[in-house]
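Shown next, in C-alpha cells, is the structure this report addresses.
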Amino acid sequence: MKFPLTCAAAMFLFLCTLQFGAGLDGTYRLAYGTLGLMSCAISGTFLWLWRINATPLATGMVLSWAGGGGMLGWWWCYALLDGPLWMSRHPALLAFASVYLVGAGLHFAVIGSGFGFPKWSWMLVVAVALGLALTITVLTGLAFSPM
C-alpha cells in the first residue's frame, strides 16, 4: 500500500502544480481526458480477461470501467466543446450510467457469491444506494424536475 499511496501523493502534487499553468479547468480537462481514455483501455483488458474466463470479476470490471469511462469521456467532451446545452440534457448519458451501475452491482454479486449469499442479494446493495441517493437528493431540495 505504500507504493500506491506514494504514487497518489506524487500525482496530486503534479496536478496541483499543473493548475498554476493550465488553470483549474484545464487541469480537470486533462485529468478527465486521461481517465476516460485509460478507462477504455482497462475495460478492454477486462473484456479480454472475460473472454478467456480468467476471473469471475471480469464482467463487472468490463461494465464498470466502460460505464465510468463513458461518463468521464462524455463530460470531457462536454468541457472541450464549451458546455453545449444538448450534452447536459441528452439521454445517451443515461446509457453510460446504466452500464456503470450494473457493473458496480455485478461486483457485489461476485463478492456475495464468495460469502455464499443468494445470487439476487447484490440487488439489495444497489437498492440501498439508490434509496440513500434519492433521500439525500430530496432532502437537499434538488427534487426531480423536467429539464
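Each value in this text was obtained by applying a stated rule to the coordinates, not by laboratory testing. These numbers come from a predicted model, not from an experiment. Cβ atoms come from the backbone with ideal geometry, glycine included; neighbour counts cover every protein chain shown.
Overview of results
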item: Cα-based equivalent ellipsoid of segment 33-139: semi-axis lengths in Å, sorted from largest, via gyration tensor; result: 27, 21, 8
item: Per-residue Cβ neighbour rank within 10 angstrom, fewest leading, Thr140, Thr34; result: Thr140, Thr34
item: Mean-position separation - Cα centroids, segment 82-147 and segment 26-51, in angstrom; result: 20 Å
